[in-house]
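Take a look at the structure set out below.
The values are calculated or read from the model by the stated rules, or taken from the named source; none is laboratory data. Remember, predicted model here, so these are calculated numbers, not experimental data. Cβ atoms come from the backbone with ideal geometry, glycine included; neighbour counts cover every protein chain shown. Protein only, heavy atoms only, side chains kept; ligands, DNA and RNA dropped before computing areas. Shrake-Rupley method; radii C 1.70, N 1.55, O 1.52, S 1.80 Å.
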Amino acid sequence: MKLLMIEDNHSVSQMMSMFFKKEQWDAEFAYDGNEAVKMFAASPNDWDMVTLDLNLPGLDGMQVSAEIRKLSPTVPIIMLTARDSESDQVLGLEMGADDYVTKPFSPITLIARIKALHRRAELGTTTKTTATESLDDTESFDVVTENFKLNTKTREAYLNGKQIHDLTPKEFDLLKTLAQKPRQVFSREQLLQLVWDYEYYGDERTVDAHIKKLRQKIEKVGPQIIQTVWGVGYKFDDSGADQR
């Protein structure tokens, strides 16, 4: 794994460098926002993971996340923040981060989060099928509904034959979880347990932030298939998706 850690605290970077070496990961470090964007932009397709401190000199973490997302819509980003404000954490997710870890953190916890997120992202590179095979061969899909198809091997999802592009690992897993059981209502707590495969102590608005970004990407190709059930949670329903 090639990892970019964006962290202005040199002690934290030095500590994590030892853990990354133990995992045999190729880690590089940036210590301010401007430097981080330049490093990422030099080879945006080479990075497998980004850890991003929220408080940075130069460009702050929110700005860096937005710039990275312009260069790579899918690279996994874990935000590191010393802020306790839930609104800051949710805003970070809305700006493109896939997950967050609150400082002070255990290096072992961060390593576990990185591995979990990387496993999901890595699945998208294991198998690729042609566009024709993807759309015509129903057996190649793991989820098939009236107007929607999803392939977990290629990490691709289609609505009315149009691919939903640039899904992050968490967005894809969230879409898959909902689509596997059409019209079943999932609470936010259930989605946190199913999509985030560790005990998650964040605000349940984390789910709302990911749903918001997921909906924006769905709406680029067709009608909305993620429905809000007020006071409960969310459900997948594509029954009317072909009527636009």
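Details
- Degrees, to the nearest 10: 10-22 long Cα axis against longest axis of the chain: 60
- A Cα-only calculation for the chain places Rg and Dmax at 18.3, 57 Å.
- Whole-percent carbon and sulfur share, accessible surface of the chain, 1.4 Å: 47
- Three-way shape label, region 1-41, alpha-carbon gyration tensor, a/c 1.5: oblate
- Taking each residue as 0.36 nm, the span from Leu194 to Lys38 lengthens on full extension beyond its C-alpha to C-alpha distance by 52.6 nm.
- Extended-chain gain in nm, criterion 0.36 nm per residue less alpha-carbon gap, Val221 and Met15: 69.7 nm
- Net charge of neighbours whose Cβ lies under 11 Å from the Cβ of Trp25, counting Lys and Arg as +1 and Asp and Glu as -1: 0
- Value of Rg to Rh for region 147-244, rounded to two decimals, is 0.94; Kirkwood radius and Rg both from alpha-carbon coordinates.
- Share of alpha-carbon pairs per 10 Å distance bin for region 2-123, given as whole %: 14, 52, 33, 2
- Near-label residues of region 56-73 by backbone N, under 14 Å of a point 7 Å along Cα→Cβ of Lys2: 72
- Helix 107-123 axis, angle to the chain major axis (alpha carbon atoms, nearest 10°): 40
- Accessible area of region 143-236 divided out per residue, in Å², using a probe of 1.4 angstrom: 45
- Maximal additional length on extending the Asp26-Asp60 stretch stands at 9.8 nm, based on 0.36 nm per residue less the C-alpha distance.
- Counting only chymotrypsin sites (Phe, Trp or Tyr not before Pro) that DSSP places in a loop and that have at most 11 other Cβ atoms within 10 Å, the longest clean stretch of the chain runs over 1-200.
- The calculated FRET efficiency for Arg183 paired with Asn45, based on their beta-carbon distance and R0 = 30 Å, is about 0.20.
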